[in-house]
Amino acid sequence: MRLDNSTRLDDPFYRGAVGRNIVIIFGLMLLGLTTRLFYLQIIKGSYHQKLSEQNSMRLQIVHASRGLMYDRNGLVIARNRPSYQVAILPTQLKEPKRVFANLMRFHDSSGTRLFDSALVTWSLERGRWKKFQPLVILEDASPEIVAMVEEHQLDLPGVITVMDSRRSYPFGYNAAHVLGYMDEIKEEELEAFADRKEETGDSLPYLKGDRVGRKGLEKTYEPYFRGRDGVRYIKVNAFGKEMEVIKEMPQIKPLAGYNLVTTLDMHLQVLAESLLADTVRGAVVAIDPRNGEVLVMASSPRMDANIFSLSKDKRSKEWAKLALDPAMPLNNRATVGGYEPGSTWKGIMNVAGLQSGRITAGDHMPKNCTGGYRFGNRVWRCWDPKGHGSLSMIDAFTESCDVYYYQMGLTIGMDIINHVATEFGIGDTTGIDLDDERSGMLVDSASYTRKFKRRGWSWTRGLVLNLSIGQGQIATPLQLANYAAGLGNGKYLYKPHLFKEVRDRAGNLIKRCNPEILHALDLTDAQHEIVLKAMDAVVNSPRGTGGRARLVDVVVGGKTGSAENPHGGKTHALFIGVAPLYQPELAIAVVLENVGHGGTFAAPIAGAIFREYFKRKQARAQQIL
């Protein structure tokens, strides 16, 4: 008998079995759904709640405030100013074409677009793989632009304004070469800075877009200035506008960078720079002979480091002007300018003569100065064609007689002369805490022959005559100032430095610079007395060449120089000096290119700086009384 479908459906046993199966299936489905809901809402509830909240919050890196710079008297010489940036935040960018079109509608008062179309396009494209990184489309925006962008948030979903800071130098051109400037970190530098981060223990590495010290003290002391960045979560509304800090989320507070107190005296620095005409190339350096502190370092032509804190387009234009200027205003001539020392070299000659034992202060040379000195087939001229007659060491130094020093050089030889020059720091870097410094050059038989071998030139004894009056060696203004400090000190040559101390934002001392001796000077008290008397006569004797550096109530000692310009034209003017001469507190070197005699042009600048220094010192003493 065949069982058909109608028969099976009418069977009560069969109908009961099907019903039970349906109930079981629906029961299992309901159990699975209930279990899943329990897992999502109870077990993983807090996790998904957090994910939901993160849709309306933004992780924000809080940049640490960069440390400030002060001069020795507490004047702020490098600080921070607020700066706004307009950026695209890809995670909140829903309609890129619409945002682009709306951004292109913004114009300034002259009708120029505020946003660069190429940069905005590039940022929108880059946002595809840099979803959580704000991509800057306008740097250093004005408050008016920021207000305009925020007013149009409905039309600009995903466009945000970011508060930042830029470096500011309130003294503008003054000390710009020393303070240096900042610039955006390069891609290839990120890894190197990351390695340094591990050494210092910073919680956050440098990120793309961060700014770092690029030159000068900003670069040298970058680890002190930077501080440590922080992290926080910000609640944002549907349009991406920041509302408030979410206190329940973990935060890292930023730690401000340390402040640097420099050795600079900005009163003297401003004066020195005002005395350097913009049309004159040269440098002025003033050092404390007692410890190597640099009070003045001026270089001309000047630059304004504030241009490096401008927006990228403005910065590029200003940079191009500086880089293409034939006067090379980017160079710090105080540390990288190389000059023949001219007659300022004769102080080294005096020391070398006395230390050799072959010359005494009272000795007269075999041949009187008649305006020239014959050696071999050539007559070597003195600067004064009338001649100086028969002179002692102090008289020859006072009147800067070349013929006297020609004969001294032949008597003692270049080995002894160069040994003394090395003691006074000529021919080698001083080690000052700046990133660029030239070593200078001393000339001897070996170096001369090596340098000019291709030309077929070789050392001859006649070259000693030129070198004995400072023609042929190369020194920087910084080296000349430190050499002057050594002449005044008589005992030690200190390492020049601009770092005085580092303090935190509360004023607590972190580190202080201890003076470092470069060389002990091999001068007896008697020899030093002769050196000082000769420097005294240059400035204060009626026959001296440095009278324009003279002060009424303070004894200044020094030496003028007029070095030949290798490119022709007028000589370079030089002056080195110290004061008070017999207990020196300040040593100065002035170098001016292509202007003429040192006594006429360089000495007055040194005199003005000495005058201001002691005038202010006296004023402070009276205030204490």
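The values are calculated or read from the model by the stated rules, or taken from the named source; none is laboratory data. On a predicted model such as this, the values are computed, not experimentally measured, just so you know. Please note: Cβ atoms are built from the backbone with ideal geometry, for glycine as well, and neighbour counts cover all protein chains shown. With ligands, DNA and RNA removed, areas are computed over all heavy atoms of the protein, side chains included. Shrake-Rupley method; radii C 1.70, N 1.55, O 1.52, S 1.80 Å.
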Check your understanding: Which residues, taken from region 309-330, are over 22 Å from L276 (Cβ atoms), assigned to a helix (DSSP H, G or I), open to solvent by less than 60 Å² (accessible area, probe 1.4 Å) and hydrophobic (A, V, I, L, M, F, W, C)?
Key -> A320
Revision key, fill the gap. The number of residues in region 57-96 that are part of a loop (DSSP other than H, G, I, E, B) and over 16 Å from Q133 (Cα atoms) is 11
Review point. In this structure, is I416 under 23 Å from K491 (Cα atoms), of a type in the set (A, V, I, L, M) and open to solvent by less than 30 Å² (accessible area, probe 1.4 Å)?
Key: no
Revision key, fill the gap. I61: passes all of (1) in contact with an Asp or Glu (Cβ under 7 Å, 6 or more places away or on another chain); (2) modelled with pLDDT of 85 or more but (2)
**Study point:** Single unsatisfied condition, P289 versus (1) open to solvent by 20 Å² or more (accessible area, probe 1.4 Å); (2) more than 30 Å from G209 (Cβ to Cβ)
**Key:** (1)
Point to revise | Qualifying residues in region 553-567 (those that are of a type outside the set (A, V, I, L, M) and buried (at least 18 other Cβ atoms within 10 Å of the Cβ)) - the one modelled with the lowest pLDDT | key: S562
Point to revise | Options T422, T411, T335: the member that is buried (at least 19 other Cβ atoms within 10 Å of the Cβ) and hydroxyl-bearing (S, T, Y) | key: T335
Check your understanding: Among the strands (runs of 3 or more DSSP E) contained in region 504-584, which hold 1 or more residues that are more than 21 Å from R290 (Cβ to Cβ)?
Key -> 509-512, 557-563, 572-579
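So that you can scan it fast, the table gives a plain yes or no per residue for (1) open to solvent by less than 10 Å² (accessible area, probe 1.4 Å); (2) assigned to a loop (DSSP other than H, G, I, E, B); (3) modelled with pLDDT of 95 or more:
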{"position": "E248", "(1), (2), (3)": "no, yes, no"}
{"position": "G257", "(1), (2), (3)": "yes, yes, no"}
{"position": "V261", "(1), (2), (3)": "no, no, yes"}
{"position": "L264", "(1), (2), (3)": "yes, yes, yes"}
{"position": "Q269", "(1), (2), (3)": "yes, no, yes"}
{"position": "A272", "(1), (2), (3)": "yes, no, yes"}
{"position": "A277", "(1), (2), (3)": "no, yes, no"}
{"position": "V284", "(1), (2), (3)": "yes, no, yes"}
Exercise for review: Examine region 428-450 for a residue that is closer than 21 Å to N489 by Cβ, out of contact with any helix residue (DSSP H, G or I) (no Cβ under 7 Å at 6 or more places or on another chain) and among the hydroxyl-bearing types (S, T, Y), and state whether such a residue exists.
Suggested key: yes
Exercise for review: Only residues that are farther than 30 Å from V296 by Cβ and not in a loop (DSSP other than H, G, I, E, B): list them for region 332-372, please.
Suggested key: G353, L354, Q355, S356, C369, G372
Review point. Hey, D444 hits all of (1) free of Cβ contacts under 8 Å to residues at least 12 places away in the same chain; (2) open to solvent by 40 Å² or more (accessible area, probe 1.4 Å) but one; which does it fall short on?
Key: (1)
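Would you pick out the residues in region 447-477 that are assigned to a helix (DSSP H, G or I) and either touching a Gly at 6+ places or on another chain (Cβ under 7 Å) or open to solvent by less than 60 Å² (accessible area, probe 1.4 Å) (or both)? Talk me through it step by step, then tell me what you get.
At the first step, the residues of region 447-477 found to be assigned to a helix (DSSP H, G or I) are 447-451, 463-468, 477.
Once the filter is applied, which keeps residues that are assigned to a helix (DSSP H, G or I) and either touching a Gly at 6+ places or on another chain (Cβ under 7 Å) or open to solvent by less than 60 Å² (accessible area, probe 1.4 Å) (or both), region 447-477 yields S447, Y448, T449, L463, V464, L465, N466, L467, S468, P477.
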Check your understanding: Of the conditions (1) over 30 Å from the mean Cα position of the chain (by Cα); (2) exposed (fewer than 13 other Cβ atoms within 10 Å of the Cβ), D536 fails just one. Which one is it?
Key -> (2)
Exercise for review: Select from region 439-496 the residues that are at pLDDT 95 or above and among the aromatic types (F, W, Y) and list them in ascending order.
Suggested key: Y483, Y492, Y494
Study note, to complete from the structure: Checked against (1) open to solvent by 50 Å² or more (accessible area, probe 1.4 Å); (2) in contact with a Cys (Cβ under 6 Å, 6 or more places away or on another chain); (3) small (G, A, S), G376 satisfies every condition except (2)
Point to revise | Tabulated pairs, region 415-426, first in contact (Cβ under 8 Å) with a residue 24 or more places away in the chain, second surrounded by fewer than 18 Cβ atoms within 10 Å (Cβ to Cβ) and part of a helix (DSSP H, G or I), C-beta under 7 angstrom, 6+ apart or interchain | key: I416/S356
Review point. Identify, please: which residue in region 478-506 is polar (S, T, N, Q) and surrounded by 24 or more Cβ atoms within 10 Å (Cβ to Cβ) and is, among those, nearest to the chain's Cα centre (by Cα)?
Key: Q479
